[in-house]
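Q: Dumping the structure here so I can ask a few things about it.
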Amino acid sequence: MTHRNLFVLFLVLAPALVTGGILCIAGNASDGIRLGLLSLPGSWLMYLGISRPVLYWKVAAIVWWSIFLGDACIRSLSWFVYQSDTDAYFIVQAIANTTRQETIEFFQFHARSLVLSTLIFFFGLTGYFWFCFGQPIHKLWSQLFQVRLNRYFCSFLGVLTLASYLIEPSRAQHPVVYWSDYYSKIQNFKSQISTHKQLHHVWLDTAQHNLILDPQQPLSQTHTLMITDSVTSKNFGVCGYPRNTTPELEKYSASFKIFCNAFSPAASTIGALKMKLTEATQVEQPNYSTESLLAYAKVAGFKVYWISNQNDSYISSLFGSFVDEQIYTNHRSGRSSTSFDENLLPVYQEILKRPEAKKLIIVHMIGAHPNYQLRYPEQFNRFSSDTSDVVETQLEQKNIGMLVQQQRNYYDNNILYQDWLLKRFFQSLQKNDHAERRSFVFVSDHGNEVGHEINFAGHSPNTQAGYQVPLVVWYDGIQDTGVNLDKQINTADLDTLMMELMGLHERNETSHSSLLSHNYLFKPSSSWPYWKPVPTS
């Protein structure tokens, strides 16, 4: 292969490299690679524009690369300015609520950078196309494919490009698809905000009418509700799992009440949170409840915090925008997010030191949400393909494939990390807060199937692991502690538990047994069991 051949090959592939490279350098490597591969058909248009003296191929190539390179620049801008995806909650919220005057002010503030970037973009593209279409390099281009290695390399790129268009997460990054979805997201967000604002007024009105305060309620209280994601108690060592994934919980088992047989009413985050934090039921899941734990807490004088390592516009609009203060440490949405839950710890510690007499702190973690291997630091990488233990033997006996077995290792490392986080947050409460009444509750929104029953890893509405979650409770003066392997708990009763811990009651509330009492009665909805039985062969 001659240097000229290499130069021509690089010249034709250069726009794809720049398209993907800009976004990679800005901070989003995974989407940058996907976008670069999706843009590669433009290299074929360049070939046609160079090798054939037909104007429309040149125009098609110019339009194609203008779209892709422009898309990469716009999406990189949010990373350079805000260190965040364009579809991060606070950016979507800002766009949805931005007035025309605010838009003008934004462009005025960034005018110099925007003008400079636009000039570089325009003159860079103009120079590139002038050189490619104005130079006699079509003979070199035709010679390029006479080299076998070049043919193999281009075929390989063709396969990657085809795969990118066939796989939905990659295809969703195509500029046309991405910005069409983005426009819909903005419109849906505006609609959600309007609906949720109306709902928030209903929550407050209901709480003001129904709330009864415990006359013995202390003046100073701090309550922490940690909600993690996709964690099933089936993988908790303290609950009987063969691997030692929860060494810290085992140390604290004499201080906590640990329920291993708790069940989420839904196998997805939004449905589960609606039923944990409001009075919504399984049957009413698509609708909204008129009562919310958050509203009762606010009316009772608690300052309510929502600190989150998740970037979900719906949850943030429904719950986060209602509280007194919302703080987000994760500015990237989707499964490729790499923000660790420990980033919430300094925020939590700072809030504990604030002077408010009564605080309800809701900590919403990303937990063990797929992709599992992105959810924990390297020092928690204890289980790997080299691990040879009873868990691997069990998986092999169930004919679970190697890929899912590897996902199980990642998942167990994640549980180990969650165990460590639970200890750190609890120790922070003990060290930094001295309110008269305190409580600490840890629960998962739902579980995950990772080769427990089927050869699959991820959210699972059809297996028990998709619903079975841990529930860990501590409060000042707790006596009945330890690990409970058998007692069934409905985590839809979580709001009732929190109100009980805060000394809050509803007017004309129906009699119910406390979740922590010995006579607690597990009352799931009529669709119990929520999962479908797995057929046996």
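Quick note: the coordinates plus some simple rules give every number you see, no bench work behind them. The structure displayed is predicted, hence computed values, not measured ones. Note: ideal-geometry Cβ built from the backbone for every residue, glycine included; neighbour counts use all protein chains shown.
Q: Would you list which aspartates and glutamates come within 12 Å of K398, measuring only between C-alpha atoms, while excluding same-chain residues fewer than 8 positions from it?
A: Counting by Cα, and skipping residues close in sequence, K398 has these aspartates and glutamates nearby: E453.
Q: Using a 7 Å offset from the Cα along the Cα-to-Cβ direction at both I120 and H434, what is the distance between the two label points in nm, to one decimal?
A: 5.4 nm
Q: Amide H of L211 versus every other amide H placed in the peptide plane: which residues, excluding those fewer than 5 positions away on the same chain, fall under 5 Å?
A: Residues meeting the criterion, in which the H sits 1.01 Å from N, are R507.
Q: Could you tell me which of rounded, prolate or oblate describes the chain, using a ≥ b ≥ c as the square roots of the eigenvalues of the alpha-carbon gyration tensor, with rounded for a/c under 1.5 and, failing that, prolate when a/b is larger than b/c and oblate otherwise? Don't skip to the answer; put the middle values down first.
A: Numbers: a/c = 2.57, a/b = 1.72, b/c = 1.49.
Prolate is the answer for the chain, as a/c is 1.5 or above and a/b outweighs b/c.
Q: Once phi is turned into ³J(HN,Hα) by the Karplus curve 6.51 cos²θ - 1.76 cosθ + 1.60 with θ = phi - 60°, what whole-Hz value does each residue of the stretch 116-128 show in order, with x for glycine and proline?
A: Calculated HN-Hα couplings, in order: 4, 5, 5, 5, 4, 4, 5, 6, x, 5, 4, x, 5 Hz.
Q: What angle, in degrees between 0 and 90 and rounded to the nearest 10, separates the Cα long axis of helix 100-109 from the longest principal axis of the Cα atoms of the chain?
A: Compared with the principal axis, the helix lies near 60 degrees.
Q: Using a simple charge model, +1 on the beta-carbon of Lys and Arg, -1 on the beta-carbon of Asp and Glu, nothing else, what dipole does the stretch 197-506 show about its Cα centre, in debye to the nearest 20?
A: About 480 debye.
Q: In terms of the Cα gyration tensor, with a ≥ b ≥ c the square roots of its eigenvalues, is the stretch 390-537 rounded because a/c is under 1.5, prolate because a/b exceeds b/c, or oblate? If you can, show how the numbers build up before the last one.
A: Working: a/c = 2.86, a/b = 1.52, b/c = 1.88.
The shape class here is oblate.
Q: Considering only DSSP beta bridges with both partners in the chain, what is the antiparallel share in %, to the nearest 5?
A: Counting only bridges with both partners in the chain, antiparallel ones make up about 35 percent.
Q: Please give the length that would be gained between E325 and L160 if that part of the chain were fully extended, namely 0.36 nm times their separation in residues minus their C-alpha to C-alpha distance (nm, one decimal).
A: 54.9 nm
Q: Can you put S43, S289 in order, fewest other beta carbons within 10 Å first? Can you show the working numbers first?
A: Values: S43 22, S289 18.
So the residues, fewest neighbours to most, are S289, S43.
Q: Name every cysteine in the chain that ends up alone, with no second cysteine's Cβ under 4.7 Å, or say none.
A: C24, C73, C132, C154
Q: When we measure straight from the Cα of K298, which lysines land under 19 angstrom away, once same-chain ones fewer than 8 places off are left out?
A: K197, K274, K276, K358, K359
Q: When the dipole is taken about the Cα centre of the chain, and only Lys, Arg (+1) and Asp, Glu (-1) are charged at their Cβ, what size is it in debye, to the nearest 20?
A: 1900 debye
Q: Using only Cα atoms, locate the centre of the stretch 34-60 and the centre of the stretch 346-386, then give the distance between them in Å, rounded to an integer.
A: 47 Å
Q: If you don't mind, another one. Mind putting a number on the dipole of the stretch 430-537 about its Cα centre? Charges go on the C-beta only, +1 for Lys and Arg and -1 for Asp and Glu, and I need it in Debye to the nearest 20.
A: The calculation lands at about 120 debye.
Q: Would you mind ranking K358, K532, K398 by Cβ crowding within 10 Å, fewest neighbours first?
A: Least crowded to most crowded, the residues run K532, K398, K358.
Q: If each residue of separation counts as 0.36 nm, what is the full-extension length gain between D386 and E291 once their alpha-carbon separation is subtracted?
A: 29.2 nm
Q: Follow-up question, since we're still on this one. Just want the ordering: F426, F522, from fewest to most Cβ atoms lying within 10 Å of their own Cβ.
A: F522, F426
Q: Hey, which aspartates and glutamates would be in cross-link range of K523, C-alpha to C-alpha under 20 Å, not counting anything within fewer than 8 residues on its own chain?
A: Within the straight-line cut-off, K523 pairs with E279, E284, E291, D445, D486, D493, D495, E500, E506, E509.
Q: Then there is this: State the extension gain, in nm to one decimal, for the chain segment bounded by S180 and I95, taking 0.36 nm per residue of separation less the distance between their alpha-carbons.
A: My answer for the length gained is 29.1 nm.
Q: Still on this structure, please answer the following. Could you tell me the calculated FRET efficiency between S517 and L219, based on Cβ-Cβ distance and R0 = 25 angstrom, to the nearest 0.05?
A: Taking R0 as 25 Å, the efficiency between S517 and L219 is 0.40.
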